[in-house]
Amino acid sequence: MIRRLLVVAATLLTAVLLGAAPAWAHGGPIQLDVRSDGGQGVTATVTYVRDGHAVPGEVRMTYTAVSSSDGEVVGPVQLRASAEGQAFYQAKDPLPTGDWTVTVTATHPSAATKTVTVTSAELPPVATTPPPAPAGMSTVTMVAIPVAVAVVALAITVFLRRRRLARVG
């Protein structure tokens with residue numbers, strides 16, 4: 001009996017310790033994946049070097065950008081957590097259009113730096129006109145057809161019932 005309890009306890013302890021192993025890998029150095037958002041924004045994704053998992057807490061980051069054409073310097077500009085996903089950050093201010101060498105520097109939870117080249121461009125305006133109505137049946141037609149079928153079915157039912165009662169009576 002005691003031997004069984006010890007085996008069960010050892011098994012549970014092993015399962016708990018092995019199940020917690022990925023959490024042990026968190027912490028330590030972080031790595032930055034820096035990109036353009038396709039417009040005038042700079043984005044960064046932050047993961048742990050050891051396991052590649054997203055850094056769940058706040059990461060303090062800024063970027064500094066140097067123009068490839070005239071050497072203009074922009075920054076430091078703060079990157080803030082985005083609602084688009086965990087460990088995803090976006091620039092607080094837009095980057096002027098052009099080609100830039102962007103250096104992102106993180107200071108918390110650990111230090112990290114990443115330098116990339118990005119092209120900042122204005123996105124075309126979003127259309128404000130509503131899309132055309134889909135081709136096919138209108139809403140009125142889609143309601144009228146089932147109602148007409150139901151009325152015809154009811155009329156046939158009433159006709160057949162009266163006919164049956166006339167034969168019986």
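The values are calculated or read from the model by the stated rules, or taken from the named source; none is laboratory data. Predicted model, so just to flag it, every value in this text is computed and none were measured. Virtual Cβ from ideal backbone geometry, glycine too; neighbours counted across all protein chains shown.
Scanning the range 55-65 for residues that are in a loop (DSSP other than H, G, I, E, B) and in contact with a Pro (Cβ under 9 Å, 6 or more places away or on another chain) yields Val55, Gly57, Glu58, Val59. Examine the range 19-31 for a residue that is modelled with pLDDT of 85 or more and either in a strand (DSSP E or B) or surrounded by fewer than 10 Cβ atoms within 10 Å (Cβ to Cβ) (or both), and state whether such a residue exists. Within the range 19-31 (the criterion being modelled with pLDDT of 85 or more and either in a strand (DSSP E or B) or surrounded by fewer than 10 Cβ atoms within 10 Å (Cβ to Cβ) (or both)), the answer is yes, since at least one residue qualifies.
For Thr117, the conditions (1) more than 30 Å from Thr64 (Cα to Cα); (2) touching a residue at least 12 places away in the same chain (Cβ under 8 Å); (3) not basic (Lys, Arg) all hold with the exception of (1). Where strands (runs of 3 or more DSSP E) fall entirely within the range 66-169, none has at least 1 residues that are over 30 Å from Thr47 (Cβ atoms).
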